[in-house]
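Right, one structure below, let's go through it.
The values are calculated or read from the model by the stated rules, or taken from the named source; none is laboratory data. The structure displayed is predicted, hence computed values, not measured ones. When we count neighbours, we look across all protein chains shown, and the Cβ atoms used for this are built from the backbone with ideal geometry, even at glycine. Note: areas computed on protein heavy atoms with side chains; ligands, DNA, RNA excluded. Shrake-Rupley method; radii C 1.70, N 1.55, O 1.52, S 1.80 Å.
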Amino acid sequence: NAGVTQTPKFRVLKTGQSMTLLCAQDMNHEYMYWYRQDPGMGLRLIHYSVGEGTTAKGEVPDGYNVSRLKKQNFLLGLESAAPSQTSVYFCASYSRRTEAFFGQGTRLTVV
Amino acid sequence: AQTVTQSQPEMSVQEAETVTLSCTYDTSENNYYLFWYKQPPSRQMILVIRQEAYKQQNATENRFSVNFQKAAKSFSLKISDSQLGDTAMYFCAFLAGTASKLTFGTGTRLQVTL
């Protein structure tokens, strides 16, 4: 029972490089979310998805793109990384019959 | 837009004592869900308690209980008989019934001391 799995767990990028974070869930949840966590700012919603093929912007979407081609996967992309995107990223999935389940987090450093 | 406010950045409590963490929210929705999540140093997000807005009875999970005041849009968490293992960041979260954004507050760092 894997729950929500994020890859990678750690990454260091140079400014201007691109990368994709993968979130995979095996609970058949409809809703999936990407957050970033910064000291003193809590979890801020970047993008979310209410089902396969649909995505929507959260509070801080600039500089990020997402895709949900398969129900179980939610990808977060950084096209041109900036130091301001240094953060811990969390993915979550949710069903209204349960709670939100979180991945282990990805610590991203942009230098 | 929904907002969640946690006005206590840090709190401290002695072991075995009781502490209350505050959370207020703003919404025009009538049907929604409220949550408290715990994040220990391991960074893992753990559900502490969940409240559905249409239920008048306050949710309780062992030593954890909430005081849900719908009219005041307040959702505080009470931790009784605090234990050292309760040391963590605590986040209040809101999910509207008609939308699907899960919104978090900025968190309260709780330190349980001997």
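Which pairs turn up if I take residues in segment B:30-44 that are more than 16 Å from B:Phe68 (Cα to Cα) and more than 11 Å from chain A (Cβ to nearest Cβ) and look for partners that are of a type in the set (Val, Ile, Thr) and open to solvent by less than 40 Å² (accessible area, probe 1.4 Å) with beta carbon separation below 7 Å, at least 6 apart in sequence or on another chain?
Correct list of pairs: B:Lys38/B:Val48.
What pairs come out if I take residues in segment A:82-100 that are touching a residue at least 60 places away in the same chain (Cβ under 8 Å) and pair them with residues that are in a loop (DSSP other than H, G, I, E, B) and acidic (Asp, Glu) whose C-beta lies under 7 Å away, six or more apart or interchain?
Hits for this filter: A:Ser95/A:Glu30.
Can you pull out every residue in segment A:101-111 that is open to solvent by less than 50 Å² (accessible area, probe 1.4 Å) and assigned to a loop (DSSP other than H, G, I, E, B)?
A:Gly103, A:Gly105
When only residues in segment B:62-102 that are within 11 Å of chain A (Cβ to nearest Cβ) and under 12 Å from the mean Cα position of the chain (by Cα) count, which is farthest from B:Thr24 (Cα to Cα)?
Out of the qualifying residues, it is B:Met89.
Could you check how many residues of segment A:1-48 are without any contact (Cβ under 8 Å) to a residue 24 or more places away in the chain and touching a Phe, Trp or Tyr at 6+ places or on another chain (Cβ under 7 Å)?
Qualifying residue count for the region: 4.
When the residues of segment A:80-100 are narrowed to those that are over 14 Å from the mean Cα position of the chain (by Cα) and assigned to a loop (DSSP other than H, G, I, E, B), which ends up nearest to the other protein chains (Cβ to nearest Cβ)?
Only one residue tops the list, namely A:Glu99.
Please specify each residue of segment B:1-58 satisfying the condition of being among the hydroxyl-bearing types (Ser, Thr, Tyr) and farther than 18 Å from B:Phe94 by Cα.
B:Ser12, B:Thr18, B:Thr20, B:Ser42
Would you mind listing the strands (runs of 3 or more DSSP E) fully within segment A:1-70 where at least 3 residues are closer than 23 Å to B:Gln44 by Cβ?
Strands (runs of 3 or more DSSP E) meeting the threshold: A:4-7, A:10-13, A:19-25, A:31-38, A:42-51.
Which members of segment A:45-57 meet the condition of being in contact with a Ser or Thr (Cβ under 9 Å, 6 or more places away or on another chain) and open to solvent by less than 60 Å² (accessible area, probe 1.4 Å)?
Scanning segment A:45-57 gives A:Leu45, A:His47, A:Tyr48, A:Ser49, A:Ala56.
A:Gly77 passes all but one of (1) loosely packed, with under 15 Cβ neighbours inside 10 Å; (2) at pLDDT below 95; (3) within 12 Å of the chain's Cα centre (by Cα); which number fails?
(2)
Among the residues of segment B:1-58, count how many are among the hydrophobic types (A, V, I, L, M, F, W, C), farther than 14 Å from B:Ala88 by Cα and surrounded by fewer than 16 Cβ atoms within 10 Å (Cβ to Cβ).
Qualifying residue count, segment B:1-58: 2.
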